[in-house]
1. Scan segment 150-164 and tell me whether some residue there is part of a strand (DSSP E or B) and crowded, with 18+ Cβ neighbours inside 10 Å.
2. Of everything in segment 428-449 that's at pLDDT 95 or above and in a loop (DSSP other than H, G, I, E, B), which residue is surrounded by the fewest Cβ atoms within 10 Å (Cβ to Cβ)?
3. Quick one: is Glu387 open to solvent by 10 Å² or more (accessible area, probe 1.4 Å), outside any helix (DSSP H, G or I) and of a type outside the set (Ser, Thr, Tyr)?
4. Any idea how many residues of segment 57-69 are surrounded by fewer than 19 Cβ atoms within 10 Å (Cβ to Cβ) and in contact (Cβ under 8 Å) with a residue 24 or more places away in the chain?
5. With respect to the numbered conditions (1) touching a residue at least 60 places away in the same chain (Cβ under 8 Å); (2) more than 21 Å from Val530 (Cβ to Cβ); (3) out of contact with any Lys or Arg (no Cβ under 9 Å at 6 or more places or on another chain); (4) part of a loop (DSSP other than H, G, I, E, B), which one is the sole condition not fulfilled by Glu402?
6. Please go through (1) outside any loop (DSSP other than H, G, I, E, B); (2) at pLDDT 95 or above for Glu467 and return the number of the only condition it doesn't satisfy.
7. Any residue that is open to solvent by less than 10 Å² (accessible area, probe 1.4 Å), within 28 Å of Glu467 (Cα to Cα) and either small (Gly, Ala, Ser) or within 25 Å of the chain's Cα centre (by Cα) (or both) - is there at least one of those in segment 106-116?
8. For Ala485, only one of the following conditions fails: (1) surrounded by fewer than 22 Cβ atoms within 10 Å (Cβ to Cβ); (2) more than 20 Å from the chain's Cα centre (by Cα). What is its number?
Amino acid sequence: MAGPTNSRYREIFAAWGANAGAFWAEAAKAIDWFKPPRNIFDAGAGVFGRWFPDATCNTCYNAVDRHVLAGHGARTALIYDSPLAGTKRKLSYATLLDEVVALAAILRDFGVAKGDRVVIYMPMVPEAIVAMLACARLGAIHSVVFGGFAARELATRLDDCRPKLVLAASCGLEPSRIVAYKPLLDGAIALAKHKPEACLILQRPELAAELVPGRDHDWGALRDKVLAAGRMVDCVELAATDPLYILYTSGTTGVPKGVVRDNGGHMVALVWSMRYLYDIQPGEVFWAASDIGWVVGHSYIVYGPLLHGATTIVYEGKPVGTPDAGAFWRVIAEHGVAALFTAPTAFRAIKKEDPKGALLAQYDLSRFRILFLAGERADPDTVRWAESILARPVIDHWWQTETGWCIVGNPMGLGPLPVKHGSPTVAMPGYDIAVLDEAGQPAAPGTMGSIAIKLPLPPGALPTLWENDQRFRDSYLTQFPGYYATSDAGHVDEDGYLFIMGRTDDIINVAGHRLSTGGMEEVLSSHGDVAECAVIGIADALKGEVPCGFIVLKSGVERPARDIEAEIVQLVREHIGPVAAFRQVFTVPRLPKTRSGKILRGTMKKIADGESYAAPATIDDPAVLDEIGAVLRAAKPA
């Protein structure tokens with residue numbers, strides 16, 4: 001391991017490697033079970049095996065009830081902070097329990113029971129978290145769809161999971177507009193073959209929705225009646241292997257893949273991670289600046305913090321523009337945040353608007369300890385910038401929707417390991433990682449390859465896709481038999497640190513040389529005038545593919561863009577070499593991204609290659625694609 005360290009990581013990882021069953025049996029003691037597990041792993045069950053197959057439990061009980069019963073009902077469970085609505089609100093664990101029980105009673109009145117599906121189409125408001133927990137209480141399987149998703153995309157999810165009920169809000173809020181959800185929901189139901197039996201609509205004061213008689217019901221009015229009646233709904237006893245939720249992720253065929261998460265393994269993994277990866281103690285404030293529509297929101301806005309007895313923040317705002325690039329510092333200072341988890345994109349946006357971190361000086365961050373980054377590759381320049389202005393550890397880590405929690409990270413609760421910029425550090429217990437060449441053989445240290453995880457996957461990872469074991473096998477398990485293929489590419493160094501260089505699709509072949517666009521992006525982002533960047537491979541008749549760079553400049557840069565572009569071409573030549581054939585770089589006002597901040601490199605490549613494309617359903621602003629196309633067309637010789 002690089003450099004001296006007092007971390008217990010080696011000891012803990014070795015203990016898992018020596019006896020995985022004993023390791024996870026010990027971790028499972030952090031959960032309250034109706035029936036504790038005796039059989040820790042059944043290798044013959046499911047697609048690759050199932051964790052805790054003989055145990056029974058309830059996720060809502062562990063996330064809410066047990067804290068109240070232990071005397072922590074007055075502890076703050078949830079802080080709602082919405083600069084867009086101009087609203088702040090705190091819910092104690094006791095209040096959260098009351099709200100969850102009330103909604104569970106309403107759901108039960110509509111016939112929702114164990115195994116039924118419920119779609120949640122909500123913005124970042126406390127009721128969205130209440131909805132997830134109420135479903136978990138009853139054993140219903142929730143499927144959260146990002147609020148504001150297009151009607152057709154919502155319809156495909158309705159048809160796939162066939163919900164009994166939809167819970168939605170009348171609208172969502174953006175910095176410059178109100179997004180009406182109800183017309184999108186109505187459009188989705190009209191398109192879908194499966195029709196939900198009813199919809200509960202949360203009427204927000206910013207925009208009321210017109211309710212369809214007989215189908216739509218006023219959530220708030222029903223809530224008030226149930227609370228006044230003081231009705232009780234107990235937690236349903238579930239098998240640890242019963243599904244907790246379905247979360248859809250994009251599929252290569254255009255049909256979304258329904259990632260399934262079970263109850264037992266999910267709880268065990270998340271509580272372990274809150275303590276040993278994020279180094280959070282019960283009662284501390286943990287903020288995952290994401291959205292409940294994404295896996296980060298599921299794992300670390302809702303379930304992880306609440307299962308651990310911490311305080312979570314539900315933030316309805318942006319890193320910049322609500323009102324400025326000091327928004328994150330304001331939330332951290334005001335609510336005493338101990339650790340922030342966000343995407344590198346958020347920090348690149350802050351760096352673009354406030355490159356010297358001047359706004360930070362206005363806030364007291366004395367209780368803030370650690371910044372965690374994930375979601376996209378954390379380029380070294382952004383990490384160094386964050387380290388310099390925060391004077392605190394900045395910890396990259398890597399995981400996926402499918403795994404539900406960290407694959408590779410720096411376990412701060414075991415004692416930090418030395419940071420290597422560009423690497424999310426080392427494998428967490430549960431993950432036996434290999435870097436494989438195209439023949440499925442282990443690649444030498446420092447050699448680029450496909451990253452795979454030896455089966456079985458650990459607790460918390462998906463056991464399958466919703467009602468489609470074969471698609472699960474075809475998508476993840478057939479490329480490298482005995483392994484889960486992550487579709488990410490990278491290499492491992494001599495210390496066992498993993499470097500994720502991009503999706504396997506982002507490894508481009510330039511005249512027979514396999515080159516990483518992530519490595520080139522590192523060089524681009526190191527330029528002092530660049531706020532963020534992307535590199536794609538575009539078709540070339542001679543070389544097969546050649547790289548093309550796109551840069552967004554920091555605010556206040558007044559130098560000619562063409563001078564900066566020329567310097568960047570030279571930088572790539574110096575750091576990677578002429579073999580990269582890097583000659584094209586374009587300055588653009590912004591990059592196309594998903595709502596979670598991931599850059600849409602695949603769509604950019606289609607535009608550059610002149611292929612037909614559709615704006616992805618997850619895109620934040622489709623107009624950016626036209627801007628990219630205009631830049632590329634202007635650059636082509638007449």
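1. no
2. Result: Asp432.
3. No: the conditions fail for Glu387.
4. 1
5. (3)
6. With (1) outside any loop (DSSP other than H, G, I, E, B); (2) at pLDDT 95 or above applied to Glu467, the lone miss is (1).
7. No, that holds for no residue.
8. (2)
The values are calculated or read from the model by the stated rules, or taken from the named source; none is laboratory data. Treat the numbers as computed from the prediction; the structure is a model and nothing was measured. Please note: Cβ atoms are built from the backbone with ideal geometry, for glycine as well, and neighbour counts cover all protein chains shown. Side chains are part of the model used for accessible areas, which takes the heavy atoms of the whole protein and leaves out ligands, DNA and RNA. Shrake-Rupley method; radii C 1.70, N 1.55, O 1.52, S 1.80 Å.
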